[in-house]
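Remarks on the structure that follows.
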Amino acid sequence: MHRGEDWAGVAGFLLRRLVNYVVLALVATFLAFALASATFDPIGVLQQRNPPPPAEMVESKRKDLHLDQPVPQRFVTWMSGVVRGDFGRTVADRPITDELGRRAGVSLRLFGLGITFGILLGVLLGVVGAIRQYRFSDYFATLFSFLLLSTPVFVLGNLLKIGAQDVNDAVGANVLLFVGEKTPNFEGAWFEHLWDRVQHLIVPTLTIALGQIAFYSRYQRSAMLDVLGSDFLRTAQAKGLTRRRALFKHGLRTALIPMATLFAFGFGLLVVGGTFTEKIFSWFGMGHWLIEGISTQDANVTATVTLFVAVCVLFSGWLADVLYAALDPRIRV
């Protein structure tokens with residue numbers, strides 16, 4: 001089979017997988033919307049205000065939220081707006097689309113950097129631990145990883161906040177900022193705004209990255225150890241490749257194959273799974289918004305966050321398929 005035919009087959013496979021993921025995202029969103037619609041009572045929450053709102057306002061809110069329609073019809077109505085870029089309005093009558101862009105940007109900025117650094121350093125630490133098995137560096141990395149894995153994220157986050165405050169006290173200035181994503185009402189040039197955001201990003205990013213480093217280094221070490229004793233690696237060295245070149249050209253590439261799915265789905269799930277991190281550092285992202293939507297019994301917000309999660313997770317799954325095709329030539333045959 002020619003290389004062009006190989007990649008044509010891979011493209012067809014990836015396209016079919018993408019269609020499947022789109023269908024799964026719609027199903028997941030409908031189930032979340034149906035569950036929220038069946039259990040939430042936004043009108044009841046509205047009527048519990050003191051003083052109670054006028055009956056005309058209650059009836060207007062009922063129509064705005066399409067509560068007079070059956071759940072499947074309400075979902076179709078909501079999705080017809082989604083495809084046009086309109087995610088409806090919240091119970092408080094605010095446009096969801098505007099809020100979605102801001103919240104998604106907060107979560108992606110916070111977790112994107114943390115996960116990227118976590119994966120890169122975790123893979124490096126796992127590979128070094130496998131190559132230097134049972135040496136001091138391997139034992140130290142193992143102790144470091146298990147210590148971090150056994151520490152809840154809300155404990156780790158607060159410890160890093162204490163450490164950041166100690167650094168600020170030692171320097172005599174607020175170098176590390178850890179409350180919010182930026183300084184409220186900050187005035188200055190664009191690079192000063194950029195530096196302000198970087199200062200707020202360092203500590204929460206470190207909180208995420210440390211947990212990811214510990215997690216991925218354990219898996220990468222195990223995968224690399226399986227490869228080190230393989231026949232193909234010895235064959236590559238017998239053909240004249242140095243051990244280092246054989247390890248990185250053949251060994252590491254093979255060891256990364258089972259990690260591809262872990263990398264991809266880990267990112268998709270952490271985007272909204274980091275609610276504790278957002279809460280600790282007062283970053284109002286998608287995880288915080290989901291809790292807010294549930295507490296206000298807002299089906300539109302809950303469905304919007306679910307759709308965002310589904311897209312992240314399923315796109316990550318599709319990305320894992322792409323990584324498999326890039327790392328493993330057998331998939332292209």
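Values as computed for the structure displayed
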read-out	value
FRET efficiency, Gln47 to Gln73 (Cβ-Cβ, R0 22 Å, nearest 0.05)	0.35
Listed residues Ile115, Ile208, Ile96, most fluctuating in the chain (Gaussian network, C-alpha, under 10 Å)	Ile96
Cα-based reach from Lys182 at 12 Å (exclusive), listing aspartates and glutamates while leaving out same-chain residues under 8 positions away	Glu192, Asp196
Those lysines that a straight Cα-Cα span of less than 24 Å connects to Lys239, excepting residues fewer than 8 apart in one chain	Lys249
Listed peptides 12-25, 216-229 by packing density, highest first (mean Cβ within 10 Å)	216-229, 12-25
Simple Cβ-charge dipole of the chain, Lys/Arg +1 and Asp/Glu -1, about Cα centre, in debye nearest 20	1540
Protein-only accessible surface order, largest first, of Ser37, Ser282 at 1.4 Å	Ser282, Ser37
Average Cα contact separation per residue, region 114-271, under 8 Å, 6 or more apart, as relative contact order %	36
Residue with peak Gaussian network fluctuation, the chain [Cα springs, cutoff 10 Å], from Glu192, Glu181, Glu278	Glu192
Choice from Val171, Val91, Val123 showing the highest fluctuation, given a GNM over the chain with Cα pairs closer than 10 Å	Val171
Relative contact order for the chain, counting Cα pairs under 8 Å that sit 6 or more residues apart, in percent	29
For region 192-258 versus region 136-187, the gap between their alpha-carbon centres in whole angstrom	23
Protection proxy ranking, peptides 125-136, 231-242, 289-300, average beta carbon neighbours within 10 Å, highest first	289-300, 125-136, 231-242
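The values are calculated or read from the model by the stated rules, or taken from the named source; none is laboratory data. Everything numeric here is computed off the predicted structure, so don't read it as measured data. Every residue, glycine as well, gets a Cβ built from its backbone with ideal geometry; the counts of neighbours run over all protein chains shown. These area figures cover heavy atoms from the full protein model, side chains too; ligands, DNA and RNA do not enter into them. Shrake-Rupley method; radii C 1.70, N 1.55, O 1.52, S 1.80 Å.
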